[in-house]
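Q: First the structure, then my questions, so here it is.
The values are calculated or read from the model by the stated rules, or taken from the named source; none is laboratory data. Small disclaimer: the values here were computed from a predicted structure and weren't measured. All Cβ positions, glycine included, derive from the backbone under ideal geometry; neighbour counts span all protein chains shown.
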Amino acid sequence: MGKYFGTDGFRGEANVDLTVEHAFKVGRFLGWYFGQDHKAKIVIGKDTRRSSYMFEYSLVAGLTASGADVYLLHVTSTPSVSYVVRSEDFDCGIMISASHNPYYDNGIKVINGNGYKLEADVEKKIEDYLDSGKESLPLAKRENIGRTTDYVIGRNRYLGYLISLATRSFKDVRVGLDCANGSASQTAKHVFDALGAKTYVINNDPDGTNINNGCGSTHIEALQELVRKEHLDIGFAYDGDADRCLAVDEKGNVVDGDMIMYLCGRYMHEKGTLNNDTVVTTIMSNMGLYKALDKCGIRYEKTAVGDKYVSENMTENGHSLGGEQSGHIIFSKYATTGDGVLTSLMVMEAMLEKKMPVSELLSDLVIYPQLTNNVRVKDKKTAAEDPAVNAAIDKVTAELGDEGRVLVRASGTEPVLRVMVEAKTDEICKEKVDYIVNALKESGCTI
C-alpha cells in the first residue's frame with residue numbers, strides 16, 4: 001500500500017485526511033496522464049455522503065483544467081462506474097465513496113479502462129505528484145479546456161444490463177432490501193421491481209449523513225427484523241457504494257460472503273459454469289467453507305485480505321467466482337469488481353432454479369465459530385517475530401489440529417496484530433485467543 005492509496009483507493013476523513021486540494025490534484029494528474037496523446041474521457045460516480053458533492057466538483061475542476069472531458073453519473077454504485085468504463089470506451093473512472101465507513105469519511109477510487117482498480121504504479125505516480133509541492137503539469141488552454149457532461153444515461157444502461165442477466169421472473173417472491181441510505185438507493189429497487197419481485201425496502205432515504213448509520217451490510221439486524229416481521233423469502237443488504245452484499249434467509253439468519261460463495265459456487269459447479277472448479281477466497285474465509293467445498297469436489301485458492309487481491313488472482317488464473325466474508329463477491333463472467341446487486345441476482349437464480357429456500361441450500365455448510373482480538377503493539381514486525389509468541393501460536397495450532405485454525409496478521413493501517421482463532425465452540429475460540437494475547441503481553445509487545 002502507498003502513502004495515500006490503500007487497497008481500496010485514497011480514503012480518510014473529509015477535509016482532514018482527504019481534502020478538496022487532494023481531489024483537485026488527483027483530477028489534474030489523471031486528466032494529464034490519460035490525455036497525453038488524445039483528449040481524455042473520464043467518468044465519475046459518487047455515493048450519498050454530504051462531502052461527495054464537494055469532491056466531485058474538485059475532481060471535475062482538476063480534470064477539465066488538464067483538458068479531460070468529464071461525464072457525471074451522479075449518485076451511483078462503484079460497480080456501475082466499472083461497467084460504464086469498460087463498456088463505453090472511457091480512459092478511466094472515478095468513484096467518490098468510503099464504502100462502509102461512516103458519512104464523515106470519504107474516498108477516491110480510480111478504475112482503469114478495463115474496469116479494474118487502478119494499477120499500483122500509476123497510484124504511485126499520483127502520490128509523487130501530490131507530494132511534489134509544486135504545480136508541474138501544463139494547464140489546458142482555450143478550446144483544449146475540458147467539458148462536463150451529464151451522463152445519468154450510463155447508470156441507466158447499467159441497470160438495464162443487470163436486469164438482462166436475470167434468467168427468470170421474480171414474480172411472487174417477497175424480497176427485503178436494505179440500501180444503507182447509499183448508492184443502492186438508486187439501483188436495487190429498480191432492478192427487483194423490474195423483475196417482478198414484491199419488494200420491501202428500508203434505509204432508502206439518504207440525507208447526506210445517514211449512509212451506513214445503523215443499516216446496510218455492516219448493521220444487518222434491521223434487515224433480519226424486516227424479514228421476520230414481513231415473512232419474506234429473502235433479504236439483501238448492501239454497503240454505502242453497493243459493491244458488497246450480505247443476505248438474510250427466510251428464517252432471519254445472516255448469510256455472509258462465505259455462505260454466498262458456497263451457495264453460488266456449488267450451483268455453478270453443478271451447472272458446469274464454475275471455471276476450473278475453483279473458488280477464490282481470502283485467508284479470512286471460514287474453515288467451514290473449505291470443508292464444505294471439499295465435500296463438493298470444489299477447489300479453492302486463498303489470497304491476502306482485500307477484494308483487490310481476489311480480483312488479481314481470478315484474472316491471472318481465469319477463475320469465475322471469488323470474494324470475501326464481508327460480501328465483496330466477484331462473478332468474473334459479468335463484472336470486474338464486487339457488485340452487490342449482481343450478487344443478489346445470482347443468489348436469486350440459484351434459489352429459484354433449485355426451488356429451495358436459502359436455508360436449505362446452505363444446510364450442508366457448517367460455519368465454525370470465529371473470534372478475533374485486535375491487539376495494539378509497540379512494533380508489528382517485532383511482535384510477529386517474537387519467539388514466545390510464535391511458540392504460543394504453534395502450541396494452539398497443534399492443539400486445534402484439523403478442528404480449528406489460528407491466524408495472526410498485522411493490520412495494514414494501525415499498530416495492531418489481529419489474533420483470530422476458529423474452533424468448534426465459542427469457548428475454545430476465546431480460550432485460545434486469550435492464550436496468544438497473554439503471550440504477547442508477557443513478552444512486552446503490547447502497548
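Q: Does region 146-155 contain any residue that is outside the structural domain of residue 246 (by TED's automatic domain parsing), over 27 Å from the mean Cα position of the chain (by Cα), of a type in the set (Val, Ile, Thr) and in a loop (DSSP other than H, G, I, E, B)?
A: no
Q: State whether one or more residues within region 52-59 are in contact (Cβ under 8 Å) with a residue 60 or more places away in the chain and touching a Gly at 6+ places or on another chain (Cβ under 8 Å). Quick ask: steps written out before the conclusion?
A: Our first condition is that a residue be in contact (Cβ under 8 Å) with a residue 60 or more places away in the chain; within region 52-59, this holds for none.
Within region 52-59 (the criterion being in contact (Cβ under 8 Å) with a residue 60 or more places away in the chain and touching a Gly at 6+ places or on another chain (Cβ under 8 Å)), the answer is no, since none of the residues qualifies.
Q: Additional query: Looking at 360, 312, can you tell me which residue is out of contact with any Lys or Arg (no Cβ under 6 Å at 6 or more places or on another chain), among the charged types (D, E, K, R), in a helix (DSSP H, G or I) and closer than 30 Å to residue 111 by Cβ?
A: That would be 312, the only listed residue that is out of contact with any Lys or Arg (no Cβ under 6 Å at 6 or more places or on another chain), among the charged types (D, E, K, R), in a helix (DSSP H, G or I) and closer than 30 Å to residue 111 by Cβ.
Q: Among the residues of region 1-24 satisfying the criterion of being without any contact (Cβ under 8 Å) to a residue 60 or more places away in the chain and hydrophobic (A, V, I, L, M, F, W, C), which is surrounded by the most Cβ atoms within 10 Å (Cβ to Cβ)? Don't jump to the end; show me each part of the working.
A: Step one: of region 1-24, the residues without any contact (Cβ under 8 Å) to a residue 60 or more places away in the chain are 15-17, 19-21, 24.
From the residues that got through so far, the ones that are hydrophobic (A, V, I, L, M, F, W, C) too are 16, 20, 24.
Working: 16: 9, 20: 17, 24: 19.
Top of the filtered list is 24.
Q: Next question. Return the residue satisfying two criteria in turn: it lies in region 380-416 and is touching a residue at least 60 places away in the same chain (Cβ under 8 Å) and in a loop (DSSP other than H, G, I, E, B), and of such residues it is surrounded by the most Cβ atoms within 10 Å (Cβ to Cβ).
A: If we filter region 380-416 for residues that are touching a residue at least 60 places away in the same chain (Cβ under 8 Å), which is where we start, we get 382-383, 404-405, 407, 409, 412-413.
Filter once more, so that each one left must be in a loop (DSSP other than H, G, I, E, B): 404, 412-413.
Working: 404: 21, 412: 13, 413: 10.
Among residues in region 380-416 that are touching a residue at least 60 places away in the same chain (Cβ under 8 Å) and in a loop (DSSP other than H, G, I, E, B), the one surrounded by the most Cβ atoms within 10 Å (Cβ to Cβ) is 404.
Q: Out of 112, 101, 144, 106, I need the residue that is at pLDDT below 95 and farther than 20 Å from residue 189 by Cβ. Which one? Give the steps one after another, and end with the answer.
A: Numbers: 112 fails: at pLDDT below 95; 144 fails: at pLDDT below 95; 106 fails: at pLDDT below 95.
It is 101.
Q: Just checking, how many residues over region 294-321 are closer than 23 Å to residue 404 by Cβ and out of contact with any Leu (no Cβ under 9 Å at 6 or more places or on another chain)?
A: Step one: filter region 294-321 for residues closer than 23 Å to residue 404 by Cβ, giving 294-296, 298-305.
Keeping just the survivors that are out of contact with any Leu (no Cβ under 9 Å at 6 or more places or on another chain) gives 294-296, 301-305.
Total meeting the criteria: 8.
Q: Mind telling me which of the residues 358, 433, 419 ends up being more than 26 Å from the chain's Cα centre (by Cα) and either buried (at least 20 other Cβ atoms within 10 Å of the Cβ) or acidic (Asp, Glu) (or both)?
A: Numbers: 358 fails: more than 26 Å from the chain's Cα centre (by Cα); 419 fails: more than 26 Å from the chain's Cα centre (by Cα).
Of 358, 433, 419, the one residue that is more than 26 Å from the chain's Cα centre (by Cα) and either buried (at least 20 other Cβ atoms within 10 Å of the Cβ) or acidic (Asp, Glu) (or both) is 433.
Q: Conditions: (1) at pLDDT 95 or above; (2) part of a loop (DSSP other than H, G, I, E, B). Residue 433 meets all but one. Number of the miss?
A: (2)
Q: Do we have residue 244 as over 14 Å from residue 324 (Cβ atoms), in the same structural domain as residue 280 (by TED's automatic domain parsing) and among the charged types (D, E, K, R) here? Break it down into steps so the answer makes sense when it comes.
A: Numbers: over 14 Å from residue 324 (Cβ atoms): no; in the same structural domain as residue 280 (by TED's automatic domain parsing): yes; among the charged types (D, E, K, R): yes.
When the stated conditions are applied, residue 244 does not pass them.
Q: Go through (1) closer than 14 Å to residue 241 by Cβ; (2) surrounded by fewer than 24 Cβ atoms within 10 Å (Cβ to Cβ) for residue 73 and report which single condition fails.
A: (2)
Q: Here's a follow-up. Do we have any residue at all in region 112-125 that's touching a helix residue (DSSP H, G or I) at 6+ places or on another chain (Cβ under 6 Å), of a type outside the set (Phe, Trp, Tyr) and under 28 Å from residue 209 (Cα atoms)?
A: Yes, region 112-125 has at least one match.
Q: Among the residues of region 34-50, write down those that are buried (at least 24 other Cβ atoms within 10 Å of the Cβ) and more than 16 Å from residue 112 (Cα to Cα).
A: In the first step, residues of region 34-50 are kept if they are buried (at least 24 other Cβ atoms within 10 Å of the Cβ); the result is 42-49.
Within region 34-50, 46, 47, 48, 49 qualify.
Q: Could I ask something else about it? How about region 283-298: which of its residues are buried (at least 17 other Cβ atoms within 10 Å of the Cβ) and not hydrophobic (A, V, I, L, M, F, W, C)?
A: 285, 286, 288, 290
Matching residues to (1) farther than 28 Å from residue 141 by Cβ; (2) aromatic (Phe, Trp, Tyr); (3) over 20 Å from the mean Cα position of the chain (by Cα):
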{"site": "49", "(1), (2), (3)": "yes, no, no"}
{"site": "57", "(1), (2), (3)": "no, yes, yes"}
{"site": "60", "(1), (2), (3)": "no, no, yes"}
{"site": "76", "(1), (2), (3)": "yes, no, no"}
{"site": "83", "(1), (2), (3)": "yes, yes, no"}
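Q: Could you list all residues from region 374-427 that are within 17 Å of residue 283 (Cβ to Cβ) and polar (S, T, N, Q)?
A: Result: 374, 397, 411.
Q: Keeping to region 5-33, report how many residues are within 24 Å of residue 80 (Cα to Cα), part of a loop (DSSP other than H, G, I, E, B) and in contact with a Phe, Trp or Tyr (Cβ under 9 Å, 6 or more places away or on another chain).
A: Summing the residues that are within 24 Å of residue 80 (Cα to Cα), part of a loop (DSSP other than H, G, I, E, B) and in contact with a Phe, Trp or Tyr (Cβ under 9 Å, 6 or more places away or on another chain) in region 5-33 gives 1.
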